[in-house]
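Data block below; observations after.
Just so it is clear, none of the values below were taken in a lab; they were calculated from the coordinates. All figures in this text were calculated on a predicted structure; none of them were measured in a lab. Ideal geometry is used to build each Cβ from the backbone, glycine not excepted, and the neighbour counts take in all protein chains shown.
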Amino acid sequence: MEKAEEWMNYGLELAKEFGPKLLTAILIYVIGAWIIKKIVKTARKVMSKSKYDESLQRFLLDLVSWGLKVFLIIIVISRLGVDVTTFAAVIAAAGLAVGLALQGSLSNFAGGVLLMIFKPYRIGDLIEAQGVLGVVKGIEIFTTKLVTPQNKLAIIPNGAMANGNIINYTTEGKMRVDTVIGVGYGEDIKKTKEVLLKVLTTNPKVLEDPAPSVNVLELADSSVNFAVRPFCKPEDYWDVYFATYENCKLALDAAGIEIPYPHQVEIHKER
């Protein structure tokens with residue numbers, strides 16, 4: 001009984017000493033988290049009104065949010081009675097150890113900063129990087145997210161993006177669609193070019209400037225191959241690509257121009 005009373009008294013003393021600090025710390029955290037949320041929300045509105053680039057908005061908001069949260073945690077810990085100076089030293093030592101262990105993540109962060117400064121691509125751009133083709137969905141602190149033509153989400157580290165080759169198909173606003181159409185050697189080249197060019201000029205998604213072109217590409221083994229090259233907006237690429245092949249086939253058939261294909265010849269031997 002005496003030991004139980006001693007433990008109870010000890011618990012009451014701890015509650016009296018640390019209870020108010022703990023409650024205050026919890027209150028500070030709740031209020032601080034609410035304030036941080038309001039600050040981030042307000043900053044987002046200000047950036048939107050100032051017409052900041054969307055990718056830069058997300059990056060800066062993530063940075064501000066995490067920085068304020070770390071600051072809030074330090075305040076809460078100091079309110080619990082922990083020496084902030086000692087805590088800062090521990091954080092610094094831990095930060096060094098974590099930094100050495102997470103060099104890749106730090107390089108990704110640095111890569112994200114470089115991407116924000118030089119802006120090789122923006123949200124909504126069609127790009128090709130690290131062997132992936134897709135539309136930029138988001139540029140975050142450590143990674144860039146792309147949505148591929150197959151509607152797959154590709155997450156690529158910013159360090160690799162900043163240090164690798166990037167092809168941006170959206171920046172110039174125009175893309176060339178490269179297709180090859182072959183016709184028989186007996187067909188009239190001039191007439192074939194006219195038929196193929198008409199297919200391109202009648203497609204509303206094919207741009208007038210630069211003008212589409214049709215030229216003899218090569219004299220292959222069994223066909224004369226034409227380079228059929230329309231220009232279009234990046235978002236219309238696949239529509240124009242598939243339509244070009246389909247409409248060229250229909251137009252050539254209608255004009256009586258043969259598209260060569262392998263023929264099987266039967267050889268009859270006399271007995």
Can you find, among 179, 206, 223, the residue sitting farthest towards the positive end of the charge dipole of region 175-254, where Lys and Arg contribute +1 and Asp and Glu -1 at Cβ? 206
Lys and Arg at +1, Asp and Glu at -1: add these up for the other residues within a Cβ distance under 12 Å of residue 147 and post the number. +2
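Past 32 Å, Cα to Cα, is the threshold; run 145/174; 137/198; 69/119; 41/174; 37/233 against it and keep the listed order.
137/198; 41/174; 37/233
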What number, in percent, do you get for the relative contact order of region 175-254 if the mean sequence gap of Cα pairs under 8 Å and at least 6 apart is divided by its residue count? 43
Charged-residue dipole, Cβ positions (Lys, Arg, Asp, Glu), region 175-254 about Cα centre, Debye nearest 20: 140
Using a simple spin-label model with points 7 Å from Cα along the Cα→Cβ vector, what separation in nm is obtained for residue 49 and residue 69? 2.7
How high is the FRET efficiency from residue 239 to residue 28, r the C-beta distance, R0 51 Å, rounded to 0.05? 0.35
Taking r as the C-beta separation of residue 253 and residue 211 and R0 as 30 Å, the FRET efficiency to the nearest 0.05 is 0.75
Quick check: from the Cα gyration tensor, does region 169-242 come out rounded (a/c under 1.5), prolate or oblate? prolate
If you add up the charges near residue 194, with Lys and Arg at +1 and Asp and Glu at -1, over every other residue whose beta carbon is less than 14 angstrom from its beta carbon, what do you get? +2
Can you give the net charge of the other residues whose Cβ lies under 12 Å from the Cβ of residue 29, counting K and R as +1 and D and E as -1? +2
